[in-house]
Amino acid sequence: MLKPGNQLKPPKTIVIAGYFGFGNLGDELILASMIQGLRTQITDLSIVVLSGNPTATRKTHQVESVTWEDYSGIVHAISNCDLVILGGGGLFHDYWGVETKTIFTSGHSGFSFYASVALLASVHQKKLMLSAVGVGPLFSDQARVLMKAIANQADIITVRDSASQQLLVSMGIAAQKIILTADAVFALPDITPSNLPSQNENLVVGVSLRHWDVGVDQSKWQHEIALTLDHFLEAHPDSRVQFIPFQNSKDKFLDDFSLAKNIQAVLKNKTRTSITPRNSSNADRLTSIAQCDLYLGMRLHSIILALMHHIPVIGVNYDPKIQLLFQQFSVEQNLVTIDELRSDTLYGLIEENIKNRLKVEKSIQSNVSKYLELATRNQEHTLQLLNTSGLLADKKPDVLNLLSDTALSLSTKLDQALKQNAASQGIILDLKQETQNLTNNIMSITHQYETLQNEFSLYRLTTEAEKNKQQKKYSSLNNKYKNNLHDLTQINASLTFNLKELDSIKSSRGWKLLFKLWQVRLIAIPRGSRREALLNKITPKHAPENKDFIHKAARGVKRKLDPKLSWPSFDFRNYQLKRDQLYPQNLSQLTKPPLPGLVSIVLPVHNGERYVAAAIQSVLAQTYTNFELIIVDDGSTDATPSIVRNFEQKDQRVRIISQSNLKLPGALNTGFASARGEFFTWTSDDNLLMPRFIEKMVACLSKHPTWQMVYANMDLIDEEGAPLKNSSWYEGYQFPHHSEHVYLPTDPSELNTIPNNFIGGAFMYRRVVADLLAGYSPFQYTREDYDYWMQVNSLFTIKHTDFKQPVYQYRMHAASLTSQDAALKITEDRKFLMAFDDFRRDFNLMPLVWIFEDDQLENPAIVQIKTHLHERGQICITVSDFLHQVLPIKWIPCIHLKICASPEDKESFLSTPQDYVYQVAAIAPNEQNEKPAYEVTLTVDQHFQVIAESCIDIEEWIKALDIKCRSLALRRIESQTWQPQPCKHKISVVICTYNRNVLLEVSLRAIARQTIPQSDYEVIIVDNNPDYSELIPFVEQYREWEFFRHPLNLRLVQCPFRRLSYARNAGFSEANGEWVLFLDDDALAESDLLEKILEAVEKHPEAGL
């Protein structure tokens, strides 16, 4: 250990480079430890730090600072220093790749930045030290070559773990200059706050997490952690969770605060959690850590700080450095790998550490002093190197090679710049010549203009007389118009008076009495009855002229009373016509039901003890006895479970499925997933089926094989089961008016276009409907039935039953969903459903992408399928085409169809799922027949679903696949709408183009050079002509020119459907920004366009467009 008196003679200057100035607490503590350790030994030392935020670095650490993008400033600093230090921390890895072309430029970042610093130290003959660094993982050969070059020119290397030491030795680095120490943070002075309470009254768990999606689904592990924290908080009612974010960044992937908020937002017990504020000082965050009793960490330095306070730690292992640290402290049993993270395992570790907390604390305490001593050696070696004269390390050949390659790259860029300059000079000369030509043209045009002006003066004189003539004619017509307008005003006044008179008559007692008498007349003498016939016989005959008058009047009234096709009906029938032209088949040959003739009735119930017994009894009393009743107990907490269990014990047709409360859509999906019948229906726990309900509904569907769903009329009943009269519900459909009988509309064409769910509670549909649709939507709670009927109406055939008698009793009571319409906004929120269904119908008419195996194009079945699809405007491509194209598969359903030779071939094909691609296997056991029957299987959520069992009609199962895949895709889109992923950018710019590279280049250049950082936005080019192959290399080249710092922020998407609306939807589906800006490919954006847009939306947070 060096003593304070052993100071080197000033002045000495050290340049320190690492991941500093980017809002990461761990790296800032590394820098603080290095600076404090050096200044303890040397009272007069000049330190220059390369930083992402020089202003903050100067203020916090009292040093000089140069921004990491100021290349000339870095050169100046290194050329005038005595020692260059790279470190500490895990600087050397290639998770995000290595870009050697940016070395020695202001565009360097990551690995290339550290290489620039090391090479500049070598060029200027400065001593170089790698201090307390972590090395690896290094995935690419390029990264290993660069790492070896940096390490070879270092005079001394201290590493914080043995794995880094072994990796460097394996790369050929001299073992004698690699010294194993510890992370610099261990050498910090006492970090325990002086005012810290001695012990918490309640248990506090600290949590420090970071975004991580390399090789793992980020949403899944975050969900597991949220479940763990909720479980912990429920098990310990007096405990709380403290989120301690370690990095504050505008880049959402690097920002720990946004991640903490996301997890906190989904917690059930969020009120017992808190997040250390974004603007907290480093001292405040250290205090938060010190106050914890247990720590759950991903960030390495959050774990180190917890260990320094002797706090038991549970780690989430996403990088080898985490595992190495836990092995060093002999607590690797407390480590959970991120891709295997499960809430039950994580919760078990928490409970185990709470139970053995004192034992674990003692074990940690015994190791901390060891690593404090090792970390202090970093400072000793730094001072020794600073005090040594001359260089200890010689340049190695690989360093010279790297310098040569870098110089060659820079000279190539310089040569390209000179060529571009020469080309620009040529363009300037051409523009000067063109300017001269334009000047000559202007003079010629000026002369022509003067000639035309003279001709126009002559023409104006000749047309003046004609103008006067037309003026007189106009005055005459204007007078007639005013007279007609006066007459029309008088007619409107008369009409208004007559309407008021009519209203007065209708509200009079005489009219009401007359209307009652007319109703009595209809009851006493119904139309078409024998009484009416007798009355007609005894009624005096009218004169012929009166008969003619009456017949003419009757025909006029009939014409006015005949139902006309409304615009909404016309719109929907127009859609049906287009859809039927695509797929006219009726889906009658697909699959055979497991039990033909069986009716599956699902009865979902949640706390329905008052009425559920009556509902079940109405089912069991049916005249049609071939049914199964599936009761789904959706998490009931009252007497419902015991009531329904009693029925299950008495009747074998009754089955009960119990689950947690998933709401009505989840209960329906659970019930129908286990249904075995040919016909499906469901009923509520408070409604009643009339005895012949099933009998009549089955008979109707059997009589009409082309109908896939039917609905029937019903009666309203009150809480006690008595007929409910004078109800405001279904008032327009009550006949007689104010009676309990509800006669629903017989034409379903307005179901999807006018917000009116008139299907009611009496319905039945075939199994094929449930097999092909994606189930009841969990995102449409309280509207799940209406949403489902809309889908059926759009893709199948719905009809009113061929009988009129009500077969269902619909109960109105205070606790029913219907009675809570206003509170739940059932009717009010239908406008959102109408908008979504309008999109859904357009989506159902959009072409799909069908993918075929390259070696099966000559297969007769594939030839027939492709012909059928081409005739309907569908897109057919091969697997190799699909792999080479960048299709917007999040929006366009893609179906990969393969003719399989055997069940093993099918199993192998379907067991290898592809993201956003629906895999379909077709097998024909009797393939040699002229018309083979196919078994068609689709992968749905890693499960196999048989779409067709033995279907000869290829066109029929093609239609079934179309319906199924569209429904699944729409449900995925719906899920992304209601449960969006966190945005990666502030704004996405979508540019749709079609064979216009020249214009596109100008537009791209403008949008690439915006005043906001490129990390805040992305640009998506949508190619609306994928056959145009020149756009792919164009975008790749432009990515290198303008987006070299953020290459992933310029992307190309190919939309195979040639229409601007399709292209924009394709771009929108791929966007990762909070806002989306559509820009034409010939639009030239101002440099501050995106800045102004973001300012506007921030000023108006209520805006959506």
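All of the numbers you see were taken from the coordinates with simple rules; none came from a lab. Since this is a predicted model, take the numbers as computed values, not measurements. In this analysis, Cβ positions are derived from the backbone assuming ideal geometry, glycine residues included, and neighbour counts consider all displayed protein chains.
A few notes on this one:
- Potential extension, GLU871-PHE456 segment - 0.36 nm per residue separation minus Cα distance: 143.7 nm
- Considering region 599-843 at the alpha-carbon level, its Rg and Dmax are found to be 17.0, 50 Å.
- Extension gain, HIS738-THR706: 0.36 nm per intervening residue step, less the Cα-Cα distance, totals 8.0 nm.
- Each label was represented as a point 7 Å from its Cα along the Cα-to-Cβ direction; for ASN468 and GLN945 these points are 8.2 nm apart.
- In this simple spin-label approximation, ASN536 and TRP729 carry label points 7 Å from Cα along the Cα→Cβ vector, and these lie 4.1 nm apart.
- Among the trypsin sites (Lys or Arg not before Pro) within region 989-1056, those in coil by DSSP and having at most 12 neighbouring Cβ atoms inside 10 Å are ARG1009.
- Note on the chain: helix-only mean residue ellipticity at 222 nm, from DSSP H runs of 4+ residues weighted -39500 (n - 2.57) and normalised by residue number, equals -15500 deg cm²/dmol.
- Label-point separation, HIS236 to THR439 (7 Å along Cα→Cβ), nm: 8.5 nm
- Region 832-899: relative contact order as a whole-number percent, Cα under 8 Å and 6+ apart: 46 percent
- Chain lengthening between GLU1098 and SER975 when straightened (0.36 nm per residue, less Cα-Cα): 41.6 nm
- Counted charge near ASN687, where neighbours are those whose Cβ lies closer than 12 Å (Asp, Glu -1; Lys, Arg +1): -2
- Loop-located GluC sites (Glu not before Pro) across region 867-974 with a Cβ neighbour count of 13 or fewer within 10 Å are GLU930, with loop assigned by DSSP.
- When the convex hull of its Cα atoms is viewed from all sides, region 846-978 shows a mean projected area of 8.0 nm².
- If the convex hull is drawn through the Cα atoms of the chain, its volume per residue in Å³: 311 Å³
- Between the listed residues THR60, LEU50, LEU168, the Cα displaced farthest toward the positive end of the dipole of region 13-180, a dipole computed from Cβ unit charges relative to the Cα centre, is found at LEU168.
- Between 0 and 90 degrees, the angle of helix 693-703 with respect to the longest Cα principal axis of the chain falls at about 90 degrees.
- Net +/- balance of residues flanking PHE832 in space, Cβ distance below 15 Å, scoring K and R +1, D and E -1: -2
- Pairs from LYS220/LYS898; LYS101/LYS220; LYS703/LYS804; LYS127/LYS252; LYS592/LYS650 whose Cα-Cα separation, in the structure shown, is over 27 Å: LYS220/LYS898; LYS101/LYS220; LYS127/LYS252; LYS592/LYS650
- Centre separation in Å (Cα based) which lies between region 1040-1105 and region 319-346: 41 Å
- Estimated FRET transfer efficiency (ALA814, SER140; beta-carbon r; R0 56 Å; 0.05): 0.25
- C-alpha long axis of helix 357-387 to longest principal axis of the chain, angle in °: 50 degrees
- The chain, dipole about Cα centre (Lys/Arg Cβ +1, Asp/Glu Cβ -1), debye to the nearest 20: 3660 debye
- Alpha-carbon Rg/Rh ratio, for region 5-114, with Rh computed the Kirkwood way: 0.97
- With a cut-off of 12 Å between beta carbons, the residues surrounding ASN626 carry a summed charge of -1, where Lys and Arg count +1 and Asp and Glu -1.
- Under the combined filter of DSSP loop state and at most 16 neighbouring Cβ atoms within 10 Å, region 192-291 retains these GluC sites (Glu not before Pro): GLU201.
- Here the calculated FRET efficiency for VAL75 and ARG357, from their Cβ-Cβ distance with R0 = 60 Å, stands at 0.70, rounded to the nearest 0.05.
- Anisotropy class of region 204-366 from Cα gyration tensor, a/c 1.5 cut: rounded
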